[in-house]
1. Taking H placed 1.01 Å from N in the peptide plane, check which residues at least 5 places from L116 or on another chain put their amide H under 5 Å from its amide H.
2. To test your reading of the geometry: what angle, between 0 and 90 degrees and rounded to tens, separates the Cα axis of helix 96-109 from the longest principal axis of the chain?
3. Between region 95-167 and region 194-264, what is the C-alpha centre distance in whole Å?
4. In whole Hz and in residue order, list the ³J(HN,Hα) couplings for region 110-120 that follow from phi through the Karplus curve 6.51 cos²θ - 1.76 cosθ + 1.60, θ = phi - 60°; x for Gly and Pro.
5. Rule-of-thumb check for region 57-193: C-alpha Rg over 2.2 N^0.38 Å?
6. Tell me, what is the Rg over Rh of region 1-42, with Rh the Kirkwood radius over Cα pairs?
7. Quick one: which residues, 5+ away or cross-chain, put their amide H under 5 Å from the amide H of H131? H built at 1.01 Å from N.
8. If you line up the long axis of helix 67-77 against the longest principal axis of the chain, both from Cα atoms, how many degrees apart are they, to the nearest 10?
Amino acid sequence: MESVERWIGHSRMTDPGEHAAAVADLPPEVAALNNIIQGVLIHSAWLSAYGIDEVRLDPAARTTLPVAKRLEQIFTSDACALDVKRSPARRSVGTCRDFALLLCSFLRSKGVPSRLRCGFAAYFDDGWEDHWLCEYWDRRTHGWRLSDPQIDEVLKAKCRITFDPTDVPRGSFMTAGQAWMDCRAGLADPDRFGQGETTGLWFVKVNVLRDHYVLNNRETSRWDTWRAATEALRVVDNHDASLLDNIASCPEQPLIEISPDWLA
């Protein structure tokens, strides 16, 4: 059995750097940290839900920033303490991975084993949407729990979410490896997994690799540039399938470096 304590140490992406003291002042409870994160971040795809004009969106908002740089951006915009809730217009714009990364950083700083997971959520629409969460170790139950710090009262109402975001049910979020294995076994339809118009087994493959990378403390990789792949490259061949079967069944194995075909 793995030592969960290895998930306390910071990676390059989760290290708060010079803002460690500001993070140290935060409460340790997951629910409180979720709430704080919701007061400093806003998701690029949900701006209109908060009354923000989407034409203001900077394309760079999709770029996942290291926590130290994200916190610098937050404090540059508003020097108040992190637990002071900013108005939506004054929040830093990011994606679900930025929400998960901040929570992971805060929890690691509190000595709580935490890591990101890449997979698919069932609570945004009628399919399985590409999504990132924070997985943290519950010392009371000796098990991993999922937290989605993106889910505030606005999104709860919009998406009719009734579960506790600090303990996302496993039936509502599927890791990429599980999605791959279910699709391969004929238990799930690959076309129900993806992001927007991009769906299918190829996209599941992308997330299997991203989840494998993050479980080796690589929260970002060249696989994040999947939008650059042409339709001709969005395929899964027999070699891919065999390799992905192995990675999906054991995503925490030592990192297997795989170059995206469209960058090779």
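Here, each number is a calculation from the coordinates, and none is a lab measurement. Note that the coordinates shown come from a computational prediction; the quantities given were computed from them, not determined experimentally. Cβ: placed from backbone, ideal geometry, glycine included. Neighbour counts: every protein chain shown.
1. Close amide H contacts, sequence-distant or interchain: E135.
2. 60
3. That distance is 21 Å.
4. Going residue by residue, I get 8, x, 9, x, 8, 7, 8, 10, 10, x, 9 Hz, with x marking Gly and Pro.
5. Working: Rg = 16.2 Å, N = 137, 2.2 N^0.38 = 14.3 Å.
Its radius of gyration relative to the 2.2 N^0.38 Å reference: 1.13.
6. Details: Rg = 12.6 Å, Rh = 12.2 Å.
Ratio of gyration radius to Kirkwood radius: 1.03.
7. G119, F120, A121
8. Computed tilt is about 40 degrees.
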